[in-house]
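Asks: The structure under discussion is supplied below as structure tokens; questions concerning it will follow.
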Amino acid sequence: MADLTPEQREFQEYARRWLEENKPGPPPERLPITAIEVMTVGQRDYLQAWQKKVYEAGFIGCDYPKAYGGGGHEGFQRIANQELSRAGVPFMLNVIGLNMAAPTILVHGTEEQKQRFIPGCLSAEEIWCQGFSEPGAGSDMANQQTMAVRDGDDWIVNGHKVWTSLGHFAQWMILITRTSRDHKYDGLTYFLAPVDNEPGVTIRPLVKLTGESGFNEVLFENARLSDAYRLDDIGKGWTVAMTTLTYERGAAEGAGGGGSGEGSKSKGGQDTSAIGKLIDLSRNSFRDGKPLSDDPVTRDAIVEQAIIRAGLKQNARRAAVGPLTDHPMRLPLQQKVVSTEFAQDTARLGVDIAGAKSTLYKLDEAAPDEGHWPLAYMNSYGHTIAAGASEIQRNILGERVLGLPKSK
């Protein structure tokens with residue numbers, strides 16, 4: 001980043017030095033690939049302590065006002081994110097609090113709500129989950145059926161949320177409810193809902209084909225919710241939800257931070273990125289007695305993924321430069337589609353290179369890279385669906401960015 005101010009350059013050097021000196025020790029048990037697959041107390045405690053330490057060092061919430069627990073330094077969060085990703089340190093646990101709850105509260109919350117909730121989002125003192133998806137309201141988010149009925153200063157909530165990542169560890173949920181059946185969009189209201197051992201709230205794990213249970217379903221049965229936890233006006237839930245989705249899809253600056261968790265270069269100069277791991281895998285995988293790193297088809301496939309990864313990095317740089325942005329939504333939405341499909345294609349290539357060994361379970365000592373590739377491939381489908389499926393994102397890009405007619 002050649003355009004950094006002296007103050008930003010000093011911060012960047014401090015971040016690099018701190019991350020080199022404070023890399024956490026090994027976790028008590030194997031960590032999942034991303035935060036949404038965290039399912040054990042040991043994983044949670046390790047990652048929660050790490051996020052708190054990173055926050056206290058000043059690398060999370062850098063751009064947030066100090067009054068809400070932030071650093072008060074505009075333009076620093078992007079630098080911190082890049083250094084966290086570069087260092088290859090563990091990911092942040094409280095991804096929903098950082099990337100959805102905190103920025104949404106900053107935009108739509110009262111002064112009291114901002115002071116109450118944002119610091120806990122940034123430090124991971126309070127874990128958040130997302131109550132958007134329902135059995136009948138996935139891509140059609142406006143079809144919410146979870147009902148909230150006014151009862152004095154409270155609301156009585158009944159309904160069923162599903163695919164609730166981190167729900168089993170969460171204290172709070174960003175929740176969309178229906179408060180009127182007379183209007184589809186204007187009948188939605190957004191709440192900040194307590195869900196940890198709350199009367200009328202039941203959280204049940206959903207086990208995926210990987211054996212992980214980071215997903216959950218959440219049942220509300222006459223759960224009582226204070227009107228003080230309503231975010232913005234009654235009937236403004238759709239507008240608030242669009243703010244959340246804008247941040248979730250990476251289409252706006254202002255998320256709490258945390259980096260991607262994917263490394264680039266370790267201290268010894270080894271490439272620890274997904275591409276670097278693919279290259280190492282090809283060198284240690286053999287067909288007919290020869291390493292696949294010598295196979296031209298395999299080499300070409302890895303290079304194709306490396307080109308896409310380089311393009312993603314350059315698009316991220318371009319998105320930060322106003323004059324180079326032809327449409328404010330195009331690059332972020334494009335990044336969401338391409339990056340999730342890049343991760344899926346990269347994992348699938350890893351499975352192909354590993355060959356028969358890709359059938360080995362992650363705890364099998366003979367599994368290449370501790371079984372990372374098949375696990376990553378199976379998990380990748382969740383990421384191409386979350387925050388709007390790839391098909392939905394392409395519709396948005398076509399209709400809102402390119403001005404194409406709506407598909408029938």
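Asks: Exactly one of these conditions fails for K208: (1) exposed (fewer than 15 other Cβ atoms within 10 Å of the Cβ); (2) part of a loop (DSSP other than H, G, I, E, B); (3) in contact with a strand residue (DSSP E or B) (Cβ under 8 Å, 6 or more places away or on another chain); (4) of a type in the set (K, R). Give me its number.
Replies: (1)
Asks: State whether the residues of the range 107-116 include one that is outside the structural domain of G382 (by TED's automatic domain parsing) and buried (at least 23 other Cβ atoms within 10 Å of the Cβ).
Replies: Residues of the range 107-116 outside the structural domain of G382 (by TED's automatic domain parsing): 107-116.
Now drop any that are not buried (at least 23 other Cβ atoms within 10 Å of the Cβ), which leaves none.
Looking through the range 107-116, none of the residues is outside the structural domain of G382 (by TED's automatic domain parsing) and buried (at least 23 other Cβ atoms within 10 Å of the Cβ).
Asks: Does any residue in the range 392-405 that is assigned by TED's automatic domain parsing to the domain that holds D140 and more than 17 Å from D140 (Cβ to Cβ) come within less than 6 Å, Cβ to Cβ, of a residue that is modelled with pLDDT under 85 and among the acidic types (D, E) six or more places away or on a different chain, and which pairs are these?
Replies: No pair meets every condition.
Asks: Here's a check for you: in the range 338-385, which residue that is aliphatic (A, V, I, L, M), in contact with a Phe, Trp or Tyr (Cβ under 7 Å, 6 or more places away or on another chain) and within 30 Å of E248 (Cα to Cα) is surrounded by the fewest Cβ atoms within 10 Å (Cβ to Cβ)?
Replies: Looking only at the range 338-385, we keep the residues that are aliphatic (A, V, I, L, M), and these are 338, 343, 347, 349, 351, 353-354, 356, 360, 363, 366-367, 375-376, 378, 385.
Next, from what is left, pick out any that are in contact with a Phe, Trp or Tyr (Cβ under 7 Å, 6 or more places away or on another chain): 347, 351, 354, 367.
Pick out the ones that are also within 30 Å of E248 (Cα to Cα) and you get 347, 351.
On the way: A347: 22, V351: 20.
Ranking the qualifying residues of the range 338-385, first place goes to V351.
Asks: Among the residues in the range 101-110, are any of a type in the set (S, T, Y), under 16 Å from Y247 (Cα atoms) and in contact (Cβ under 8 Å) with a residue 40 or more places away in the chain?
Replies: Within the range 101-110, the subset of a type in the set (S, T, Y) is 104, 110.
Now narrow it down to the ones that are under 16 Å from Y247 (Cα atoms): 104.
When the remaining residues are screened for being in contact (Cβ under 8 Å) with a residue 40 or more places away in the chain, the result is 104.
So far as the range 101-110 goes, yes, one or more of its residues are of a type in the set (S, T, Y), under 16 Å from Y247 (Cα atoms) and in contact (Cβ under 8 Å) with a residue 40 or more places away in the chain.
Asks: Now for a different question. Test G261 against the stated conditions and say whether it is assigned to a loop (DSSP other than H, G, I, E, B), under 30 Å from T104 (Cα atoms) and at pLDDT below 85.
Replies: Values: assigned to a loop (DSSP other than H, G, I, E, B): yes; under 30 Å from T104 (Cα atoms): yes; at pLDDT below 85: yes.
So G261 passes the test.
Asks: Which condition from (1) buried (at least 24 other Cβ atoms within 10 Å of the Cβ); (2) farther than 28 Å from C62 by Cα; (3) among the aliphatic types (A, V, I, L, M) is the one that V149 breaks?
Replies: (1)
Table: residues versus (1) charged (D, E, K, R); (2) surrounded by 13 or more Cβ atoms within 10 Å (Cβ to Cβ); (3) free of Cβ contacts under 8 Å to residues at least 12 places away in the same chain.
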{"site": "R299", "(1), (2), (3)": "yes, yes, no"}
{"site": "R309", "(1), (2), (3)": "yes, yes, no"}
{"site": "Q314", "(1), (2), (3)": "no, no, yes"}
{"site": "T325", "(1), (2), (3)": "no, yes, yes"}
{"site": "Q334", "(1), (2), (3)": "no, yes, no"}
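Asks: Have a look at A57, A87 and point out the one that is at pLDDT 95 or above and not assigned by TED's automatic domain parsing to the domain that holds F215.
Replies: Details: A87 fails: at pLDDT 95 or above.
Result: A57 is the single residue among A57, A87 that is at pLDDT 95 or above and not assigned by TED's automatic domain parsing to the domain that holds F215.
Asks: Hey, another quick one. Can you spot a residue in the range 175-193 that is assigned to a helix (DSSP H, G or I) and buried (at least 19 other Cβ atoms within 10 Å of the Cβ)?
Replies: Applying the first criterion (assigned to a helix (DSSP H, G or I)) to the range 175-193 yields none.
The answer is no; no qualifying residue exists.
Asks: Take the residues of the range 211-234 that are in contact with an Asp or Glu (Cβ under 9 Å, 6 or more places away or on another chain) and surrounded by fewer than 16 Cβ atoms within 10 Å (Cβ to Cβ): which is farthest from I105 (Cα to Cα)?
Replies: Here the residue is R224.
Asks: Additional query: Could you go through the range 156-171 and let me know if any residue there is farther than 23 Å from D227 by Cα, without any contact (Cβ under 8 Å) to a residue 24 or more places away in the chain and part of a loop (DSSP other than H, G, I, E, B).
Replies: no
Asks: Moving to a separate point now. Scan the range 72-127 for residues that are closer than 29 Å to G25 by Cα and more than 19 Å from the chain's Cα centre (by Cα) and jot them down.
Replies: F76
The values are calculated or read from the model by the stated rules, or taken from the named source; none is laboratory data. The structure presented is a predicted model; accordingly, all values stated were derived computationally and were not measured. Neighbour counts are summed over all protein chains in view; Cβ atoms, including those assigned to glycine, are modelled from backbone coordinates with ideal geometry.
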